[in-house]
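First comes the structure, then the notes that go with it.
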Amino acid sequence: MRRSVFPRALSGWLLLLLLLAAEVQAQTATDTLRMPGLHAPVEILRDPWGIAHIYAENEADLFFAQGYSAARDRLFQFEIWRRQATGTVAEILGPRAIERDAGTRLFLFRGDMEAEMNYYHPRGAAIIRAYVRGVNAYIAEAMRSPDTLPLEFHLLGITPHPWTPAVVISRHQGLLGNINDELDYGRAVALLGPDAVRELVHFHPGEPRLALDPALDADALFDDILGRYNAFRRPIRFEPDDIAAAHRNDPAAFEHLARAAEAAAHRLHRHEREAIGSNNWVVSGRLTQSGYPVMANDPHRVHAAPSLRYWVHLVAPGWNVIGGGEPEIPGVSIGHNEHGAWGLTVFPTDGEDLYVYDTHPDDPRRYRYGDGWEAMRVLQDTIRVKGQAPVVVDLAYTRHGPVVYEDAARRKAYAVRAAWMEIGGAPYLASLRMNQATTWEEFREACSFSHIPGENMVWAGRDGTIGWQAVGIAPIRPNWDGLVPVPGDGRYEWAGYLPIKEKPHVVNPDQGFWATANENLVPPGYPHRNAVGWNWSDPYRAHRLAEVLGSGRRLSMMDMMRLQTDYLSLPARNLVPLLHALRADDPAVEHARRRLLEWDFVLDAESVAAGIYVAWERRLMEHTHRLFVPEAARDALGRIAMSTMIGWLTAPPPAFGPDPVAGRDAFLLQALAEAIADLTAKLGPDPGGWQYGQERYKHALIRHPLSAAVAEPVRQRLDAGPVPRGGNSYTVGNTGWGDNQTSGASFRLIVDTADWDAAVGMNAPGQSGNPDDPHYRDLFPLWAQDGFFPVYFSRGRVEAAARHRAVLMPANPEK
């Protein structure tokens, strides 16, 4: 009997209803707090899932309370964000963080702060300052009893420090651009030539210009040019020496975990580009059971403890919005108000370029531009370092941007030009304008202020309108396509930026829905082709969404929940039939082949066939990469796109041998034999034990940043999991390429505009960042079962479900 495609969403929902029935009967506890900085009372109702519903009498108090509430829930996360944003990590981690701090300071926004803050909203400066006051109010409150600080502060022996608006507008954690890919492509072109790279990389549509300018020294591209850039962009890694002695890990265990973390990070950058993505869709009322539009969104980002996203409900005159975003910024990035719902996925937009300069023989701080030489602007900064004297660093800038590398021997310098360093480049803050949109037209106007990241913004309005607008600041490149480094001598200049409203968009599409999953959505004949990206995800998640949403039947909220957690693999549906006419001599391989041919292509956690398929798929990817990509360029190019591999296997090229079809068939069986050997070594010889979802195979273990540096009992307080999972990076329920699900949809939202109280959501492992808080990982079991919780919007529903009430009173009430 065919297994249901959606086994876990329903069971999770039933569990949720039982939990809800118990929770709403609980007594609501109330706290009253006097709060300096407030103008009027603010009420915060906390529901059973940890969402803070904030009710204020004015805008300033509303965002003060959002900052206060978020800092209360995520204080350690806030402190680490602040240190990353300000380049002060070396103060707690010592010399190994000097390069990180130097990179951060090199890329700091140094423009007009008033113009910067007011870009995101007409009252942006006031909103951001109110938010910062709220953050600092909680920090001051926490520091009155430092013994009660969350566990991480005691482990590291640090305390939280006050915030400034500059911390809020930091760009350090944004999805910023493609500069590492640009350098990798340049290296690959130097090794293989542009035509070969175009054949191997999933550029589309069209054929981008990849040739390196003859003035470039191709050999010089293989230095660690982006080391300083990458230093400030990578996550912080803690080591045992950072931790109080009583809580340190043993060195051997740390080294094992550290190596695993390094390997995971390497795979994520080089081989798991498909794992970082998102899904969203909007459906017209003519295709829904309610008769009103529905919006669904599940952003796929790196999983973390605490979670990346944070739910909040903001209510004040002019504001009534609920949803999630990164906790350290005001407003709601993904959510709904009383008029419509919106969501986002990544729309790859190339806002970075690597410029290469010839430097003067007598002065390395002068570079060739045009017919003359220009002097770099140099700033000096001092980095305080734990355990040693402060370090003075030079921060150099060309007319294009920060200098990330200087090669004195070759007389070269390299700078990154970044569109996100312009005013308006802080990720997600333009959501403040979206939060107050009442129509599609107002929402689209708000989108025109959204610079970072490049995104697919979708809207579902209660008035029946659905729409899509691509956003993100997009440089116009008149004479190149931005995919390889270029000389900085003036021949490769941006010609301004494409107006965001001129990026692709749709309103009320004829098919009655619009879905995005990071695939190519650039319409044929689009006139600004090289102002948007060339690198897109494989289209399989998008095709599966279109298959279900375009089925012709009316869709329910349960259908939407099932689709968000769908594990049907379209690549499997393409690859497995290639085995149909084959036969394997080895009985174990032949048994596996037959089992795959009887399978329903669903990567269910309990499925043995799914376990066999994924092991086979991985071997196919590995061997295809080895067969088609020359060894010297393998690291630069990373994993071959699934669609490219399927194309080669479906219509085998001469690389498979004199008889390409016979060579392809032998290739398929050899990969399957190796997959069976892999499963036997990992899970034992009995195929009955090869279920896909298990701790030794596909699972989710969400690690805290301090996990690798502490002893096992502490680690168990910090981490969440492991739990069995299904899916992979090509299923709508995106769980990544590797055994451990390190990325995917920890945050989910589905909204039926017919009834705002019918919305459902998720946030794993929980709302809180404090390991000792009940909401730290309370949502993790429900998430592991692909379940959802209700997201209440009306005051009556919120009141009925509330578990805790906090009343913030002005310390000095206005008379």
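The values are calculated or read from the model by the stated rules, or taken from the named source; none is laboratory data. All values reported here derive from a predicted model rather than from experimental measurement. Cβ coordinates were reconstructed from backbone atoms using ideal geometry, including for glycine residues, and neighbour counts include every protein chain displayed. Heads up: the accessible areas ignore ligands, DNA and RNA and are worked out on the full protein's heavy atoms, side chains in. Shrake-Rupley method; radii C 1.70, N 1.55, O 1.52, S 1.80 Å.
Among the residues of the range 722-769 satisfying the criterion of being acidic (Asp, Glu) and touching a residue at least 60 places away in the same chain (Cβ under 8 Å), which is farthest from Val614 (Cα to Cα)?
Going residue by residue through the range 722-769, those that are acidic (Asp, Glu) are 739, 752, 755, 757.
Then keep just the ones that are touching a residue at least 60 places away in the same chain (Cβ under 8 Å); that gives 752, 755.
Values: Asp752: 35, Asp755: 40 Å.
Here the answer is Asp755.
If Arg72 meets every condition in (1) part of a helix (DSSP H, G or I); (2) surrounded by fewer than 18 Cβ atoms within 10 Å (Cβ to Cβ); (3) out of contact with any Gly (no Cβ under 6 Å at 6 or more places or on another chain) apart from one, which number is that one?
Among (1) part of a helix (DSSP H, G or I); (2) surrounded by fewer than 18 Cβ atoms within 10 Å (Cβ to Cβ); (3) out of contact with any Gly (no Cβ under 6 Å at 6 or more places or on another chain), Arg72 violates only (2).
Show me the helices (runs of 4 or more DSSP H) entirely contained within the range 140-255 in which 2 or more residues are of a type in the set (Gly, Ala, Ser). Steps first, answer last, please.
Values: elements: 151-156, 165-168, 179-192, 194-200, 227-233.
In the range 140-255, the matching helices (runs of 4 or more DSSP H) lie at 179-192, 227-233.
Look through Ala188, Ala215 and report the one residue that is open to solvent by 10 Å² or more (accessible area, probe 1.4 Å) and hydrophobic (A, V, I, L, M, F, W, C).
Ala215
Select from the range 478-501 the residues that are without any contact (Cβ under 8 Å) to a residue 60 or more places away in the chain, of a type outside the set (A, V, I, L, M) and surrounded by 14 or more Cβ atoms within 10 Å (Cβ to Cβ) and list them in ascending order.
Glu493
For the range 502-516, check the following and say yes or no: at least one residue is part of a helix (DSSP H, G or I), at negative phi and either charged (D, E, K, R) or free of Cβ contacts under 8 Å to residues at least 60 places away in the same chain (or both).
From the range 502-516, those part of a helix (DSSP H, G or I) are 502; that's our starting set.
This time we only want the ones that are at negative phi, so: 502.
Narrowing the set further to residues that are either charged (D, E, K, R) or free of Cβ contacts under 8 Å to residues at least 60 places away in the same chain (or both) leaves 502.
Yes, there is a match, as at least one residue in the range 502-516 is part of a helix (DSSP H, G or I), at negative phi and either charged (D, E, K, R) or free of Cβ contacts under 8 Å to residues at least 60 places away in the same chain (or both).
A quick yes/no check of all residues on (1) in a strand (DSSP E or B); (2) hydroxyl-bearing (Ser, Thr, Tyr):
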position: Ala708; (1), (2): no, no
position: Pro713; (1), (2): no, no
position: Gly726; (1), (2): no, no
position: Val732; (1), (2): no, no
position: Trp737; (1), (2): no, no
position: Leu749; (1), (2): yes, no
position: Ser768; (1), (2): no, yes
position: Pro771; (1), (2): no, no
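Output the number of residues of the range 630-647 satisfying the condition of being without any contact (Cβ under 8 Å) to a residue 40 or more places away in the chain and either crowded, with 19+ Cβ neighbours inside 10 Å or assigned to a loop (DSSP other than H, G, I, E, B) (or both).
We begin by selecting, within the range 630-647, every residue without any contact (Cβ under 8 Å) to a residue 40 or more places away in the chain; these are 631, 634, 645, 647.
Adding the requirement that they be either crowded, with 19+ Cβ neighbours inside 10 Å or assigned to a loop (DSSP other than H, G, I, E, B) (or both) leaves 645.
So the answer is 1.
Please find, within the range 391-427, the residue that is farthest from Ala495 (Cα to Cα) out of those that are charged (D, E, K, R) and open to solvent by less than 40 Å² (accessible area, probe 1.4 Å). If you could, list the steps in order and put the result at the bottom.
First, the residues of the range 391-427 that are charged (D, E, K, R): 394, 399, 406-407, 410-412, 417, 422.
Next, from what is left, pick out any that are open to solvent by less than 40 Å² (accessible area, probe 1.4 Å): 407, 412.
Values: Asp407: 29, Lys412: 25 Å.
Checked the range 391-427; the qualifying residue farthest from Ala495 (Cα to Cα) is Asp407.
Can we say Tyr526 is within 27 Å of His699 (Cβ to Cβ) and either at pLDDT below 95 or surrounded by 15 or more Cβ atoms within 10 Å (Cβ to Cβ) (or both)? Give the derivation first.
Details: within 27 Å of His699 (Cβ to Cβ): no; either at pLDDT below 95 or surrounded by 15 or more Cβ atoms within 10 Å (Cβ to Cβ) (or both): yes.
No; evaluated as a whole, the condition is false for this residue.
This table checks each residue for (1) of a type in the set (Lys, Arg); (2) at pLDDT 95 or above; (3) over 21 Å from the mean Cα position of the chain (by Cα).
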site	(1), (2), (3)
Ala430	no, yes, no
Thr438	no, yes, yes
Ser450	no, yes, no
Pro453	no, no, no
Met457	no, yes, no
Gly461	no, yes, yes
Gly464	no, yes, yes
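If we scan the range 672-688, do we find a residue that is more than 27 Å from the chain's Cα centre (by Cα), small (Gly, Ala, Ser) and buried (at least 17 other Cβ atoms within 10 Å of the Cβ)? Reasoning before the result, please.
First pass over the range 672-688, keeping only residues more than 27 Å from the chain's Cα centre (by Cα): 672-688.
In the following step, the residues that additionally are small (Gly, Ala, Ser) were identified as 673, 675, 677, 681, 684, 688.
Now drop any that are not buried (at least 17 other Cβ atoms within 10 Å of the Cβ), which leaves 673, 675.
The answer is yes; a qualifying residue exists.
Are any residues in the range 715-724 open to solvent by 10 Å² or more (accessible area, probe 1.4 Å) and either of a type in the set (S, T, N, Q) or part of a helix (DSSP H, G or I) (or both), and if so, which ones?
Arg715, Gln716, Arg717
Could you tell me whether Val302 is touching a residue at least 24 places away in the same chain (Cβ under 8 Å), among the β-branched types (Val, Ile, Thr) and touching a Phe, Trp or Tyr at 6+ places or on another chain (Cβ under 9 Å)? Full working, then the answer.
Details: touching a residue at least 24 places away in the same chain (Cβ under 8 Å): yes; among the β-branched types (Val, Ile, Thr): yes; touching a Phe, Trp or Tyr at 6+ places or on another chain (Cβ under 9 Å): no.
Considered against the rule, which asks whether it is touching a residue at least 24 places away in the same chain (Cβ under 8 Å), among the β-branched types (Val, Ile, Thr) and touching a Phe, Trp or Tyr at 6+ places or on another chain (Cβ under 9 Å), Val302 comes out as no.
Could you please let me know if Met762 is part of a strand (DSSP E or B), farther than 20 Å from Gln716 by Cβ and open to solvent by less than 30 Å² (accessible area, probe 1.4 Å)?
Yes; evaluated as a whole, the condition is true for this residue.
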